[in-house]
Amino acid sequence: MSSTIAVTRIRHSCHLIEIGGKTFLTDPWFTTKPQYRPGEPTAMGVGELPDLDGVLISHEHYDHCDLDALAAYRDLDVLLVVPPTVATTAAEHGFRNVTVLEPWESTDIGGTLITAAPGKHGVYEITFVLQAGTDSIYFAGDTLLIDELKQLPHRFGSLDIALLPTNGLCVRPLHDKQVVMNAREAAELTAVLQPKLAIPHHYAFSSGWLGDRILTKKDTNPNHYRDLATPLSPHTEVRIINPGTRVTL
């Protein structure tokens, strides 16, 4: 029988995911730097987190892999599930329980199956599918839309929740190279995945007053995604949730 699954947004791409009686943290980010600002409140500090069954990290960028903050407040035996590019950094921070996954590899955590899916970003990235019984959640980190993601319904069936980036982040010094899917691309992926619930993330981020003008450009309005996704996937509920909001399904 399906149990309650829940997502609590902390900020950016950092969420608490409850599935299969387990609690997972995605892409931890709790501190700030001049060129990395969340652009929204932080729902809880790392010291306020509940007991975690695992931490899922999609890639090494600081705003998704704040290991300094995590190591200062969390048990270093907490399980980290990471791509190979994060493993050495995790060990250097003292984490003792690190599982490395490549795309389509899985690990079972007390009956919840965590599978790495492909991703594409400015650095090597994986995304994640979490499954427990008939429940499933897809966490997309900040990937671009790539053809490999169209395999997800064939591999995993229908999804309950999809957490998708939407800001279309572009790097100005690299001739506006796009490194994150934009609202239209996230809507197209929603139409492919057909989840019951879709939640946008990775849209409020700021590079700071100067960085926004010379380093990055992006779409900070998640309503653009909702407006595009609704007609493409009419059976999907799209919800924009503030940090601290817990959504159950």
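The values are calculated or read from the model by the stated rules, or taken from the named source; none is laboratory data. Bear in mind that the values here come from a model prediction, so they are computed numbers and not experimental data. As a convention, Cβ positions derive from the backbone with ideal geometry for all residues, glycine included, and neighbour counts pool all protein chains shown. For the accessible areas, the whole protein counts, side chains as well, though only heavy atoms, and no ligand, DNA or RNA atoms are used. Shrake-Rupley method; radii C 1.70, N 1.55, O 1.52, S 1.80 Å.
Pairs only if they're at least six apart or on different chains, beta carbon under 8 angstrom, first in segment 75-89 and in a helix (DSSP H, G or I), second open to solvent by less than 10 Å² (accessible area, probe 1.4 Å); list them, first residue then second.
From residues that are in a helix (DSSP H, G or I), the pairs are Thr85/His59; Val86/Ile57; Val86/His59; Val86/Leu80; Thr89/Leu67.
Considering (1) farther than 16 Å from Phe24 by Cα; (2) open to solvent by less than 20 Å² (accessible area, probe 1.4 Å), say which one Gln151 fails and leave the rest.
The failed condition is (2).
Could you please find all residues in segment 190-203 being open to solvent by less than 20 Å² (accessible area, probe 1.4 Å) and either without any contact (Cβ under 8 Å) to a residue 60 or more places away in the chain or under 27 Å from Pro173 (Cα atoms) (or both)?
Thr190, Leu193, Pro195, Leu197, Ala198, Pro200, His201, His202, Tyr203
Would you please list the contacts, defined by Cβ atoms under 8 Å and residues six or more apart or on different chains, that run from a residue in segment 221-249 that is under 18 Å from Met181 (Cβ atoms) to a residue that is acidic (Asp, Glu)?
Leu232/Glu188
Which of the residues that make up segment 1-47 are of a type in the set (A, V, I, L, M, F, W, C) and either in a strand (DSSP E or B) or free of Cβ contacts under 8 Å to residues at least 24 places away in the same chain (or both)?
Ala6, Val7, Ile10, Cys14, Leu16, Ile17, Ile19, Phe24, Leu25
Just give me the residues in segment 122-144 being surrounded by 22 or more Cβ atoms within 10 Å (Cβ to Cβ) and in a loop (DSSP other than H, G, I, E, B), in sequence order.
Hits for segment 122-144 are Glu125, Ala140, Gly141, Asp142, Thr143.
Please verify whether Leu56 is touching a Leu at 6+ places or on another chain (Cβ under 6 Å) and among the aliphatic types (A, V, I, L, M), treating the condition exactly as stated.
no
Here's the yes/no breakdown for (1) among the basic types (Lys, Arg); (2) touching a Ser or Thr at 6+ places or on another chain (Cβ under 6 Å):
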position	(1), (2)
Arg213	yes, no
Ala229	no, yes
His235	no, no
Ile240	no, no
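Would you say Thr216 is open to solvent by less than 20 Å² (accessible area, probe 1.4 Å), among the hydroxyl-bearing types (Ser, Thr, Tyr) and touching a helix residue (DSSP H, G or I) at 6+ places or on another chain (Cβ under 6 Å)?
Judged against the criteria, Thr216 is not a match.
I'm told Gly94 meets every condition in (1) part of a loop (DSSP other than H, G, I, E, B); (2) open to solvent by 60 Å² or more (accessible area, probe 1.4 Å) except one. Can you identify the failing condition by its number?
All conditions are met except number (2).
If you scan segment 48-67, which residues turn out to be touching a residue at least 60 places away in the same chain (Cβ under 8 Å) and open to solvent by less than 30 Å² (accessible area, probe 1.4 Å)?
Gly54, Leu56, Ser58, His59, Asp63, His64
Go through segment 70-91 and report how many residues are open to solvent by less than 10 Å² (accessible area, probe 1.4 Å) and either hydrophobic (A, V, I, L, M, F, W, C) or modelled with pLDDT under 95 (or both).
6
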